[in-house]
Each structure stands twice: as C-alpha cells, then as structure tokens.
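Just below is one structure, and these are the notes that go with it.
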Amino acid sequence: MLVQLLMLLLLPAAVTGGELPPSNKVVFILGGQSNMAGRGGVVGSHWDGIVPPECAPNPSILRLSPQLRWEEAHEPLHDGIDSNRTCGVGPGMAFANALLRSGRAAGVLGLVPCAVGGTRMADWAKGTDLYSDLVRRARVALETGGRIGAVLWYQGESDTVRWSDANDYARRMAMLVRNLRADLAMPHLLLIQVGLASGLGQYTEVVREAQKGIKLRNVRFVDAKGLPLEDGHLHLSTQAQVQLGHMLAQAYLNYGHAHSQSPISWWLQIMLACCLIFL
C-alpha cells in the first residue's frame, strides 16, 4: 500500500510523454512592443504572408484570441491584439514549435499575445490599460485549467528616446515583475526578457544595460543584439524572429532543467527505491 501511494504521488512529475488535455496546458504570456508583436515580413503597412516552417500552425499550439477564446494559433499571432498596426511574424510560434520539437514540453501550449507596438515601459505600469488587460488575459487563460510557464517580454525600444525613460527603465521593469507576481499570485513566476537589438533613440545602450542588470530571481535574459533587422533600423526580420523564438525556447528549457527536481520529489524517489528494495 505504501508503495502504491508513493507511486501515485510521483506520477504527475514522472509523466512527460503523450497528449495532455487542454486543462493541463502550459500558458505563455507574450508582452512588450512591436518586436514581440511581430513585424517580420512587414514592409510599410503590408505583410508578405510568408510563414516559415518553424512557425507553422500545430493543433497543440493554441492562442487566446482578442475575444478571450482559445483557437488554433497561427501567424500573425498578434493579429487583433496590436490592432492599430500591421503584424507579421514574431517569436511566439517559433518558440512554441521549438518547445514541442524538444520532446520536453509534451501536451498543449497556450499562447496569450499581449504586446502592443510603440509602448514605453511607463505604459505597462500597474493601473494602466495595458497592464490591466495583460493580467485579465492571463487570468482568463487559466480559467480552463493549466499553469503559466513564463512571461516572454520584449520591450524597450521606445524607452531609448528620452533620458528619463532610459534612466528609469530598471526600476520600472523590476516593479512590473513584482506586480505581475503579486497580481497573478505567482511569487516565483518566470520572466524571460529579451535584450534590445535596436532602439528609436540615442539611449539604446542605457536600456540594454538596465535589462542586463535586473537581478530579480527567476528573471532570465536573452540577447537579441546582432540579429538581422527587417528595415535595417528597428524591427527583426522573419528569420531573426525564428532565431529569437528558438533562443527563448532554449532559455525556458534550460530553466526547466535546472528546476526540474525539487527536494520533495527527490525524497519521494528515494523512499520509493527503499520500499522496492525491502519488498
């Protein structure tokens, strides 16, 4: 009986293969501005419609629509969310497909797009419409079950224009992380932040240093600097977005590997081994 009980306790941590029901989906919140919303393949106000194989739809990848309904995800992932601009390829679909291909994220992945182009960090402060909408969408995403795997955050280009915004970036970013963790009741929420590849003003390096300097626990940094730009100035190209999606997936998988075993699960496994030896 003891062995059976221990095996039941270990079962949720041990099962990694096969399809999981949508109620057990892993949810990812996508926030920030235009490079998270996706401008890959966009020239002027026109998207070329080219979807790389790495960004292809998959029945196991869902999107929370602007109407707060789950649907099969496809590019442009932020269509209807970043509604006043033309959206193209972003990092989200490449990220989700890379997780599924890794074999370490079996089941259903739920993407919750929230990014809006042209926004400053101050626009995401608690009490703003953007912040409230992100939290609302995150909560709705969990109403049908599942858990939040991470917040993927790519923002800061608009904060490179004024010194006051660039200088205050670190404080505002840290406050955003703390507020999200409090309002989502997830004190250990993982946030993966993308370091700027470009900026609108002269303070890009100031913002980048602020991003790299965030020392909060469970905040990871993925650097987009050096990835090719669509217009040679601001937005990542389609292939750059694919590469960024893979980098975000690797950061998430590395985090999961480092945190895959808790002291309790190790203790249960040791107890189970002892029981089997003495039977």
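None of the figures in this text is laboratory data; all of them are computed from the coordinates on show. All values reported here derive from a predicted model rather than from experimental measurement. Glycine gets a Cβ as well: all are built from the backbone with ideal geometry, and neighbour counts include every protein chain shown.
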Relative contact order (%) - criterion: Cα under 8 Å, at least six apart; region: segment 25-261 = 26 percent
For every other residue with a beta carbon closer than 14 angstrom to the beta carbon of Gly44, add +1 if it is Lys or Arg and -1 if Asp or Glu, then tell me the sum.
-> -1
Quick one: grab the alpha carbon gyration tensor of segment 25-261, order the square roots of its eigenvalues as a ≥ b ≥ c, and give me rounded if a/c is under 1.5, else prolate or oblate depending on whether a/b is larger than b/c.
-> rounded
Cβ-Cβ cut-off under 14 Å around Leu229, Lys and Arg +1, Asp and Glu -1: the net charge is -1
Under 5 Å between amide H atoms, partner at least 5 residues away or on a different chain: which partners does Leu190 have, H built in plane at 1.01 Å?
-> Val151
Full-stretch length increase - Asp168, Gln67 - with 0.36 nm per residue and alpha-carbon distance subtracted | 33.0 nm
For Ala125, the residues 5 or more places away or on another chain with a placed amide H closer than 5 Å to its own amide H are none
Size of electric dipole in segment 25-261: Cβ of Lys, Arg +1 and of Asp, Glu -1, about Cα centre, debye, nearest 20 | 940 debye
Gap separating the Cα centres of segment 149-197 and segment 70-99, nearest whole Å | 20 Å
Would you please give the residues with an amide H less than 5 Å from that of Asp223, counting only those at least 5 places away or on a separate chain, with H modeled from the backbone geometry?
-> Gly195
Looking at Ala94, Pro76, Leu216, which one has the Cα that reaches farthest to the positive end of the dipole of segment 25-261 (charges on Cβ: Lys, Arg +1; Asp, Glu -1)?
-> Leu216
Mind checking the full-extension length gain between Val43 and Met186? Use 0.36 nm per residue of separation minus the Cα-Cα distance, one decimal, nm.
-> 47.6 nm
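Size of the dipole of segment 60-102 about the Cα centre, Lys and Arg at +1 and Asp and Glu at -1 on the beta carbon, nothing else charged, in debye to 20?
For this selection, approximately 100 debye.
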Excluding residues fewer than 8 positions from Lys225 in its own chain, the lysines with Cα under 18 Å of it are Lys212
